[in-house]
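The values are calculated or read from the model by the stated rules, or taken from the named source; none is laboratory data. Everything quoted here is computed from the prediction, not taken from an experiment. Don't worry about glycine lacking a Cβ; one is built from the backbone with ideal geometry, like all the others, and counts go over all protein chains shown.
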Amino acid sequence: MDISSSGDYEVILAERRYEVISEIVERVLRGRRKVTFSDLLDKVFLDKYLGIPIFLALWWALFRFTYDVSAPLSDLIDLLFSQLGELVRAWVMDEILSSFIADGLIAGLGGILVFLPPIFFLFFGLAILEDSGYLARAAFVFDKLLSKFGLQGRSFIPLLLGFGCNIPACMACRTIDTEEDRILTIIVSPLITCSARLPVYVLIGSAVLGAYAAAGVYSMYLLSISLAILMALLFRHTIPYFKGRRAAFILEFPPYAMPTLRTTLIHMWERGVLFLKKAGTVILLGVIVVWFLSNFPWGASMEDSYLAVLGKTLEPIFRPLGFDWRACVALFFGFIAKEIVVATFGTFFGLGEEEEAIAEVIREQNMFTPLTGYAFMVFTLLYMPCLATVGVIYRETNSMKWTIFTVTYGLILAYIMSLLVITVGHLMGFS
């Protein structure tokens, strides 16, 4: 066999290696090898018809577990910080200091930490799937599908992690063998909708989409996956660096194992602590900046604040999308972290992090129509999830070129897709 003339010589070498191993095993072992429980599981999980539906069912169960179990804890955190803010307002007499502590520090930190339970439970569930040996098999099942779009099976797990947080998603790309495949996966990973964007979808959906709110939120996940693989396909065929032969996907399955609580908690903590660090630094700083810009000059109305000046400067750029200056400001600070978007709307209306009350005000003031609200959700989905992700992309690619490219194409794609939503919506008769 002329291996050098074959496109997938790694696969040929691997197949030949395992053929030799099988021949040796047959000579050493007598009789027919007993079918093990692991073989039976593989027969089901790796089935070409059942593999993907089983994964989708497990993924749905993981999300139900994540949000159903974490909801009471998130509500408790929200209640504790709300009560703490009320105590500060009652005990601190200085108006500026009271507002800074209650509306800036406490409300900002509380609004961030309510996302902590779902993020940690999501990583807990992913750690169980990974430690059990299932995720490696899911990557194998999806390899054939992803290969049609210029990615490989090892890209599956980083993209999957992106539904929790894009930071560990980019870091998980280290497991991809070839530089080209690794960088391609990194630059499309920010398009996977992370958990920090979900509160924005829920807020805008409940405010303007009415009975279609759940469908609107679900569509963000479908759009996220679709655009990530389509952009990978586009980059594979248009950018010279990514052209050429896609690396073969050779994976040795780990044995099935019962995950231990200690190992699962360690994996959960290692990934979740990244959010804690971001919450304690970048996000909190962003919330404080929003508080300052919205309250100064002190005593002035919101319309005359520094925040309004910033928003009205950006408004002409976003006018074709139907966004007013407040939406522009929310998107601007959303570049620091998407968690700040809801906090920014809360600051405008003096409602802190009370999402139901914020949604009611947005609806009463006609800040968004159903069409412009959906376009806002699309824009939130597609541009860079947070400043911390930018730093991780630079660290993982070791290239300012790829970092700037990722930020730039995300902004352009967000604007084009949002404008497309508005244009098609108008043509269909929606306002």
Margin query: Among the residues of segment 182-210, what is the count of those that are out of contact with any Lys or Arg (no Cβ under 7 Å at 6 or more places or on another chain) and charged (D, E, K, R)?
Written below: 1
Next item on the list: Say whether the condition of being closer than 18 Å to Ile52 by Cα, among the aliphatic types (A, V, I, L, M), in contact (Cβ under 8 Å) with a residue 12 or more places away in the chain and not in a helix (DSSP H, G or I) is met by at least one residue in segment 176-187.
Entry: no
Note to self: Being β-branched (Val, Ile, Thr), assigned to a helix (DSSP H, G or I) and under 24 Å from Ser226 (Cα atoms) narrows it down to one residue among Ile128, Ile119; which is it?
What the structure shows: Ile119
Check: Only one of these conditions is not met by Gly334: (1) at pLDDT 90 or above; (2) under 17 Å from Leu387 (Cα atoms). Which number is it?
Finding: (1)
Checklist line | Failed item in (1) more than 22 Å from Pro118 (Cα to Cα); (2) surrounded by fewer than 23 Cβ atoms within 10 Å (Cβ to Cβ), with Glu356 passing the rest | finding: (1)
Next item on the list: Please tell me if Ile362 is farther than 20 Å from Val200 by Cα, aliphatic (A, V, I, L, M) and at pLDDT below 95.
Entry: no
Next item on the list: Look through segment 313-366, keep the residues that are in contact (Cβ under 8 Å) with a residue 24 or more places away in the chain and basic (Lys, Arg), and return whichever of them is farthest from Val290 (Cα to Cα).
Entry: Arg363
Next item on the list: Sort out which residues of segment 384-431 are under 17 Å from the mean Cα position of the chain (by Cα) and outside any helix (DSSP H, G or I), and write them in order of number.
Entry: Met384, Pro385, Cys386
Note to self: Could you go through segment 237-254 and let me know if any residue there is at pLDDT 80 or above and of a type in the set (Val, Ile, Thr).
What the structure shows: yes
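The rows are residues; the columns are (1) buried (at least 17 other Cβ atoms within 10 Å of the Cβ); (2) in contact with a Leu (Cβ under 6 Å, 6 or more places away or on another chain); (3) modelled with pLDDT under 75; (4) of a type outside the set (Asp, Glu).
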{"residue": "Ile266", "(1), (2), (3), (4)": "no, no, no, yes"}
{"residue": "Glu270", "(1), (2), (3), (4)": "no, no, no, no"}
{"residue": "Phe275", "(1), (2), (3), (4)": "yes, no, yes, yes"}
{"residue": "Gly280", "(1), (2), (3), (4)": "no, no, yes, yes"}
{"residue": "Val287", "(1), (2), (3), (4)": "yes, no, yes, yes"}
{"residue": "Leu293", "(1), (2), (3), (4)": "yes, yes, no, yes"}
{"residue": "Ser305", "(1), (2), (3), (4)": "yes, no, no, yes"}
{"residue": "Ala308", "(1), (2), (3), (4)": "yes, no, no, yes"}
Next item on the list: Mind listing whichever residues of segment 226-245 are touching a residue at least 40 places away in the same chain (Cβ under 8 Å), part of a helix (DSSP H, G or I) and not aromatic (Phe, Trp, Tyr)?
Entry: Leu227, Ala228, Ile229, Leu230, Met231, Ala232, Leu233, Arg236, His237
Note to self: Whether any residue in segment 153-165 is touching a Pro at 6+ places or on another chain (Cβ under 7 Å), closer than 19 Å to Lys338 by Cα and either buried (at least 23 other Cβ atoms within 10 Å of the Cβ) or modelled with pLDDT of 75 or more (or both) is what I want to check.
What the structure shows: yes
